[in-house]
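Step one of this worksheet: look at the structure below.
The values are calculated or read from the model by the stated rules, or taken from the named source; none is laboratory data. This structure is a prediction, so every number in the text was calculated from the model and none was measured. As a convention, Cβ positions derive from the backbone with ideal geometry for all residues, glycine included, and neighbour counts pool all protein chains shown.
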Amino acid sequence: MNVMKTDNITMQFGGLTAVKNFNLELNKGEIVALIGPNGAGKTTAFNMITGVYTPTKGRVLFNEKSIIEGKEAVKEKDITGLRPDQITGLGIARTFQNIRLFKDLSVLDNVLIANHLRVNSNVFEAIFKLPRYKREEKQMIEKSLNLLEKVGLAEHRDEKSNSLPYGQQRRLEIARALATDPSILLLDEPAAGMNPKETDDLTAFIKRIRDEFDLTVFMIEHHMQVVMGISNRIYVLDYGITIAQGNPYEIQNNQRVIEAYLGVDEDA
Amino acid sequence: MKRNTIFTIAAIIVLGIFVFVANTTFDSYILRILNLCAIYTVLGLSMNLINGFTGLFSLGHAGFMAVGAYATALLTMPIATKQMNFFLVPLISPLDKIVWPFLPALLLGGLLSAFVAFLIGAPVLRLKGDYLAIATLGFAEIIRVIFTNTQSITNGALGLKGIPGTTNLWWTFGIALFTIFIMVSLINSSYGRAFKAIREDEIAAESMGISLFKHKVLSFAIGAFFAGVGGGLLGNLIGAVDPLMFRFFLTFNVLLIIVLGGMGSITGTVISAFVVTIAQEFLRFLDEPMFPGVPALPGLRMVVFSALLMIVVLFFRHGLMGTREFSWDKLFGIFSKKPLAKGGTK
């Protein structure tokens, strides 16, 4: 069952086409990777899905779950051009290639902030600490501490987030994204700058949260070890064009992918 | 937790006794300074919410204060005084017949100011950084020009005189205390965290599901509300308002307070509001002739503050407190040698 798909999304910046006719389909529970050489348009594709850019052409479709008359119904919803916060509200959370934590705030605050979009109390209830807000605040803190426990950051909760080591900052960013209650998690180079040990941990970690939080994961990654190790399917972009898609084995043996990464021998 | 509540209540009682004693024994000069200290606390906190906590560099404070000051003055002035003031063009009805008590007038002044902030916030808050500063500065000037020209409401350049001097220490300290309570509560709530997230990183905040527009306008309107209340207190303290009072200079004074105290610190703003306001009075001798034969240099004392601001911006970017706050636990932590257990002693 697919949870999200894109219909020929294209992004043009002036005369440059960064991504052309990208067709993505995510099925529930999958881990899908997007790879490609530098400048291939991977992050642009991400930004179109998360609402940072509005695609020049094409549509992004999200299968919204709703409960109608006691039955779970799935409705396809066009989310092209919605604001990033609206898209997060629907259940698509992301992390960033260059870590974007709230640097001067504590680890716990970082996660608490991501709970804010689910707060129902208005600002007066929050200021005067009325019962509904108190209840929500308590739930929020419990949930956040629980998340920190799961990513192994519980003992650092009062530290400033930028005082954490790099690998833990990455984990915190994922924990923060999880706090928005997503059904789809988009990771932009989660293993960037990690040493082999941290990379192994991360691979296991992504699998674990996928199962635990019932997620569908879509990630951009350069570490082939990570990509080949956990992806169900892989999309390959080169100069904005999807040159291949398939399972890890197919991708590893795809001639065009090898050419894109290693170049073509002109004498041959 | 419980100990801290007791100390807070005790501190408020001590403050109450101080206000009572001050009100009965101090002369009017000192009372005026104390009143101004408390009013600048309210103004500083309101600007700090917008500039320090939400990271919106707004310079429109004088405009919000003008709205609050005029609204409060017009609502509280007795009918006879209104007739005396508006001798060129009569005051439009029904304003010429309304006389409200001070508190509802102040609240309406604040609400009106918040409403104006909402109206201009919608277009202006799409801007960032310097552009936002210029746009809000322009807004404050526009308000001032409008008030100079709407003679049948504001009495134009003549201003309003004979505003009842209702403002006293109870009002100013009471409202300052109320503002501190609201700000502390707001900043530590989920909404306050959302404001801080916007300050830290707008892109990350938005992708965490925080609607930038909604929260920026909210912060702007709450800040403007308290700016309006502060303006109302100021008008009814001085007894006269005119458009020239609300020039950029007034905004600069408040900005000076929050920069010196620390952008993003409530404690810093309160301390700085008192220090700056009192220092402005004590440095008055600089404006007078100091040496025989050398003429006086009016405005010299403001040079001190401008220099101070430059020093702070260059060398102490975080001001007095940075983003730190006062707490009883920290205070007792200084005195007791043993480090406190996490969350303070029970």
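Residues that are surrounded by 17 or more Cβ atoms within 10 Å (Cβ to Cβ) and within 14 Å of another protein chain (Cβ to nearest Cβ) were ranked within region A:145-156; the one that is farthest from B:Glu200 (Cα to Cα) is A:Leu147.
Of the set (1) more than 14 Å from chain A (Cβ to nearest Cβ); (2) in a helix (DSSP H, G or I), all apply to B:Gly165 but (2). Those helices (runs of 4 or more DSSP H) of region B:230-346 in which 1 or more residues are over 18 Å from the mean Cα position of the chain (by Cα) and farther than 30 Å from B:Pro164 by Cβ occupy B:300-315, B:328-335. Being of a type in the set (A, V, I, L, M, F, W, C) and surrounded by fewer than 16 Cβ atoms within 10 Å (Cβ to Cβ) is the filter here; which residues of region B:105-152 pass it? Hits for region B:105-152 are B:Phe115, B:Phe118, B:Leu119, B:Ala122, B:Leu127, B:Ile134, B:Ile142, B:Val145, B:Ile146.
Condition check: more than 8 Å from chain A (Cβ to nearest Cβ) and modelled with pLDDT of 95 or more. Does B:Gly239 satisfy that?
The answer is no for B:Gly239.
Take the conditions (1) in contact (Cβ under 8 Å) with a residue 24 or more places away in the chain; (2) more than 11 Å from every other protein chain (Cβ to nearest Cβ); (3) more than 13 Å from the chain's Cα centre (by Cα); A:Lys75 misses just one of them, which is (1).
For region B:75-111, name all the residues that are of a type outside the set (Phe, Trp, Tyr) and closer than 15 Å to B:Thr167 by Cα.
Here is the first cut: in region B:75-111, the residues of a type outside the set (Phe, Trp, Tyr) are B:75-85, B:88-99, B:101, B:103-111.
Once the filter is applied, which keeps residues that are of a type outside the set (Phe, Trp, Tyr) and closer than 15 Å to B:Thr167 by Cα, region B:75-111 yields B:Leu75, B:Thr76, B:Met77, B:Pro101, B:Leu103, B:Pro104, B:Ala105, B:Leu106, B:Leu107, B:Gly109.
Can you say whether B:Ile210 is of a type in the set (A, V, I, L, M, F, W, C), assigned to a helix (DSSP H, G or I) and at the interface with chain A (Cβ under 10 Å from one of its Cβ atoms), as far as the supplied structure shows? Judged against the criteria, B:Ile210 is not a match.
Kindly check whether there is at least one residue in region B:213-220 that is more than 14 Å from chain A (Cβ to nearest Cβ), out of contact with any strand residue (DSSP E or B) (no Cβ under 6 Å at 6 or more places or on another chain) and buried (at least 24 other Cβ atoms within 10 Å of the Cβ). So that I can check it myself, show each step before the final result.
Applying the first criterion (more than 14 Å from chain A (Cβ to nearest Cβ)) to region B:213-220 yields none.
Looking through region B:213-220, none of the residues is more than 14 Å from chain A (Cβ to nearest Cβ), out of contact with any strand residue (DSSP E or B) (no Cβ under 6 Å at 6 or more places or on another chain) and buried (at least 24 other Cβ atoms within 10 Å of the Cβ).
In region A:189-254, which strands (runs of 3 or more DSSP E) lie fully inside it and hold 1 or more residues that are surrounded by 15 or more Cβ atoms within 10 Å (Cβ to Cβ) and touching a Pro at 6+ places or on another chain (Cβ under 8 Å)?
Once the strands (runs of 3 or more DSSP E) in region A:189-254 are filtered for at least 1 residues that are surrounded by 15 or more Cβ atoms within 10 Å (Cβ to Cβ) and touching a Pro at 6+ places or on another chain (Cβ under 8 Å), what remains is A:216-220, A:233-238.
Any residue in region A:161-175 that is within 12 Å of another protein chain (Cβ to nearest Cβ), surrounded by fewer than 19 Cβ atoms within 10 Å (Cβ to Cβ) and modelled with pLDDT of 90 or more? Yes, because at least one residue in region A:161-175 is within 12 Å of another protein chain (Cβ to nearest Cβ), surrounded by fewer than 19 Cβ atoms within 10 Å (Cβ to Cβ) and modelled with pLDDT of 90 or more. Considering only residues in region B:194-205 that are buried (at least 24 other Cβ atoms within 10 Å of the Cβ) and over 26 Å from the mean Cα position of the chain (by Cα), the one that is nearest to the other protein chains (Cβ to nearest Cβ) turns out to be B:Ala204.
Yes/no per residue for (1) out of contact with any strand residue (DSSP E or B) (no Cβ under 6 Å at 6 or more places or on another chain); (2) within 17 Å of B:Leu233 (Cβ to Cβ); (3) modelled with pLDDT under 90:
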| residue | (1), (2), (3) |
| --- | --- |
| B:Asn4 | yes, no, yes |
| B:Val14 | yes, no, no |
| B:Asn23 | yes, yes, yes |
| B:Leu31 | yes, yes, no |
| B:Leu34 | yes, yes, no |
| B:Ala38 | yes, yes, no |
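Of the residues making up region A:176-188, those that are part of a loop (DSSP other than H, G, I, E, B) and buried (at least 19 other Cβ atoms within 10 Å of the Cβ) number 4. Residues of region A:42-53 that are over 10 Å from A:Ile9 (Cβ atoms) and within 14 Å of chain B (Cβ to nearest Cβ): A:Thr43, A:Phe46, A:Asn47, A:Thr50, A:Gly51, A:Val52. The set of residues in region A:92-144 being facing chain B (nearest Cβ under 10 Å), free of Cβ contacts under 8 Å to residues at least 40 places away in the same chain and either on the phi > 0 side of the Ramachandran plot or not in a helix (DSSP H, G or I) (or both) consists of A:Val119, A:Ser121, A:Asn122, A:Phe128, A:Lys129.
Among the candidates B:Thr148, B:Thr179, the residue that is modelled with pLDDT of 95 or more and not in a loop (DSSP other than H, G, I, E, B) is uniquely B:Thr179. Here B:Gly264, B:Gly268 are screened, and the one residue that is surrounded by 24 or more Cβ atoms within 10 Å (Cβ to Cβ) and in contact with a Leu (Cβ under 8 Å, 6 or more places away or on another chain) is B:Gly268. Pairs linking a residue in region B:18-40 that is of a type outside the set (Lys, Arg) to a residue that is loosely packed, with under 14 Cβ neighbours inside 10 Å and in a helix (DSSP H, G or I), with Cβ atoms under 8 Å and 6 or more positions apart or on different chains, are B:Val19/B:Trp170; B:Ala22/B:Ile30; B:Asn23/B:Trp170.
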